[in-house]
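S.K.: Have a look at this one before I ask anything.
The values are calculated or read from the model by the stated rules, or taken from the named source; none is laboratory data. What you see is a predicted model; the values in this text were computed from it and never measured. So basically every Cβ, Gly included, is an ideal-geometry build from the backbone, and we count neighbours across all protein chains shown.
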Amino acid sequence: MTCHKACEAVEYMKKNLTSVHPMWLEPLEVPGGDRQSPIDISVRKSVFDPNLKPLVAQYDPRTCQQIWNNGYSFLVEYDDTTDKSTLRGGPLEDQFRLCQFHFHWGENNDWGSEHTVDRNLYPAELHLVHWNADKYALFEEAVMEENGLAVIGVFLKVGKTHEGLQKLVDALPAGSVVEFTKFDPSCLLPESINEYWTYAGSLTTPPLTEAVTWIIMKQPIEVSHNQLAVFRSLLFTSAEEGVQKSMVNNFRFQQPLKDRTIRSSFTPFL
Ligand SMILES: [Zn+2]
């Protein structure tokens, strides 16, 4: 059996423990553990569900507030005190509010995404994080609960410069927080948002709670090598004082699918 890029990346990371962020060196409390993320999406084994509805993402750019470098990634944060930027439809029964988006990426273009499709890695993956505002009062409450979160995952592949992303790239902070406003996150969605896979999973960073309905876009977006290079020029916070490391390989290793079904909104073989 040949080793795919995904397991090559894992082997590489294991051999280079220095590139593991201190966040992962702490003992982790994983609740349950039967529906962890990320996972590999096997196209052949995913099940077409004709009942999956069109996805409705309505984002108000005026709710965009700031970029926060949290030392592991950077988060573009949105005002989620009202229903101004919302996600509904698709596999969701309720209305969810956008609170932030962020990316995961590798040290080169061979890996970086958290999810894979038939074991194929992308150089980066975007996560748009929403919480269930119909059922819960706060993000902090929703994150601990069943059906609390809905995360859209979008793969990034290397190609032409992404005009929408460039506004963000230009603003990427040297410091920990910078003001960043009027950014419409729908510019980062692929053209066909109604072709997606969905499954029940977890956050991929602590607390790793199994609160997430994942919606993974089939179609990647194109960004340039230079745009990803700016991501890689950011710095991790380090456990050791004064040691600065490039912010790269900020993805979690893949988790077993266990007893879960991945549903698709489209028929792969037509
Ligand atoms: Zn993420």
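S.K.: Do any residues in the stretch 249-268 that are closer than 25 Å to Pro54 by Cα have Cβ atoms under 7 Å from those of residues that are of a type in the set (Gly, Ala, Ser), where the two are at least six apart or on different chains, and which pairs are they?
M.R.: From residues that are closer than 25 Å to Pro54 by Cα, the pairs are Arg260/Ala200; Ile262/Ser46; Arg263/Ser46; Ser264/Ser46.
S.K.: Name the pairs whose Cβ atoms lie under 9 Å apart, with the first residue in the stretch 202-213 and under 18 Å from Ala133 (Cα atoms) and of a type in the set (Asp, Glu), the second near the ligand (Cβ under 10 Å from one of its atoms) and at pLDDT 95 or above, and 6 or more positions between them or separate chains?
M.R.: Close Cβ pairs (under 9 Å, with a partner that is near the ligand (Cβ under 10 Å from one of its atoms) and at pLDDT 95 or above) amount to Glu210/Ser37; Glu210/Leu203.
S.K.: Test each condition in (1) surrounded by 15 or more Cβ atoms within 10 Å (Cβ to Cβ); (2) more than 18 Å from the chain's Cα centre (by Cα) for Ser176 and report the one that comes out false.
M.R.: Failing condition for Ser176: (1).
S.K.: Do you know which residues across the stretch 132-146 are within 22 Å of Asp34 (Cβ to Cβ) and of a type outside the set (D, E, K, R)?
M.R.: Those that are within 22 Å of Asp34 (Cβ to Cβ) and of a type outside the set (D, E, K, R): Asn132, Ala142, Val143, Met144.
S.K.: OK, next. Restricting to the stretch 143-168, what's the tally of residues that are under 22 Å from Ile67 (Cα atoms), within 16 Å of the ligand (Cβ to nearest atom) and either among the small types (Gly, Ala, Ser) or touching a Gly at 6+ places or on another chain (Cβ under 6 Å) (or both)?
M.R.: 2
S.K.: Examine the stretch 42-61 for a residue that is within 26 Å of Asn250 (Cβ to Cβ) and within 16 Å of the ligand (Cβ to nearest atom), and state whether such a residue exists.
M.R.: No: zero hits.
S.K.: Let me ask something additional. Mind telling me which of the residues Tyr199, Tyr122 ends up being more than 13 Å from the ligand (Cβ to nearest atom), in contact with a Phe, Trp or Tyr (Cβ under 6 Å, 6 or more places away or on another chain), modelled with pLDDT of 95 or more and part of a loop (DSSP other than H, G, I, E, B)?
M.R.: Tyr122
S.K.: Within the stretch 142-168, which residues are surrounded by fewer than 18 Cβ atoms within 10 Å (Cβ to Cβ) and at pLDDT 95 or above?
M.R.: Within the stretch 142-168, the first condition is being surrounded by fewer than 18 Cβ atoms within 10 Å (Cβ to Cβ), and the residues that meet it are 144-146, 157-161, 163-164, 166-167.
Answer for the stretch 142-168, where residues must be surrounded by fewer than 18 Cβ atoms within 10 Å (Cβ to Cβ) and at pLDDT 95 or above: Lys157, Val158, Gly159, Lys160, Thr161, Glu163, Gly164, Gln166, Lys167.
S.K.: Quick check on the stretch 92-104. Is at least one of its residues at pLDDT 95 or above, closer than 12 Å to Phe155 by Cβ and either in contact with a Leu (Cβ under 8 Å, 6 or more places away or on another chain) or aliphatic (A, V, I, L, M) (or both)?
M.R.: So in the stretch 92-104, the residues at pLDDT 95 or above come out as 92-104.
Remaining after also requiring closer than 12 Å to Phe155 by Cβ: 103-104.
In the following step, the residues that additionally are either in contact with a Leu (Cβ under 8 Å, 6 or more places away or on another chain) or aliphatic (A, V, I, L, M) (or both) were identified as 103.
Yes, because at least one residue in the stretch 92-104 is at pLDDT 95 or above, closer than 12 Å to Phe155 by Cβ and either in contact with a Leu (Cβ under 8 Å, 6 or more places away or on another chain) or aliphatic (A, V, I, L, M) (or both).
S.K.: Among the numbered conditions (1) within 16 Å of the ligand (Cβ to nearest atom); (2) without any contact (Cβ under 8 Å) to a residue 24 or more places away in the chain, tell me where Glu140 comes up short.
M.R.: (1)
S.K.: What number of residues within the stretch 170-196 are over 22 Å from Gln58 (Cβ atoms), in contact with a Leu (Cβ under 9 Å, 6 or more places away or on another chain) and either not in a loop (DSSP other than H, G, I, E, B) or not aliphatic (A, V, I, L, M) (or both)? Can you show your working first?
M.R.: If we filter the stretch 170-196 for residues that are over 22 Å from Gln58 (Cβ atoms), which is where we start, we get 170-179.
With in contact with a Leu (Cβ under 9 Å, 6 or more places away or on another chain) added as a condition, the list becomes 172-174, 178.
In the following step, the residues that additionally are either not in a loop (DSSP other than H, G, I, E, B) or not aliphatic (A, V, I, L, M) (or both) were identified as 173, 178.
Result for the stretch 170-196: 2.
S.K.: Just the residues that are under 18 Å from Thr198 (Cβ atoms) and either within 16 Å of the ligand (Cβ to nearest atom) or hydroxyl-bearing (Ser, Thr, Tyr) (or both), please, taken from the stretch 103-119.
M.R.: Initial filter on the stretch 103-119 (under 18 Å from Thr198 (Cβ atoms)): 113-118.
Matches in the stretch 103-119: Ser113, Glu114, His115, Thr116.
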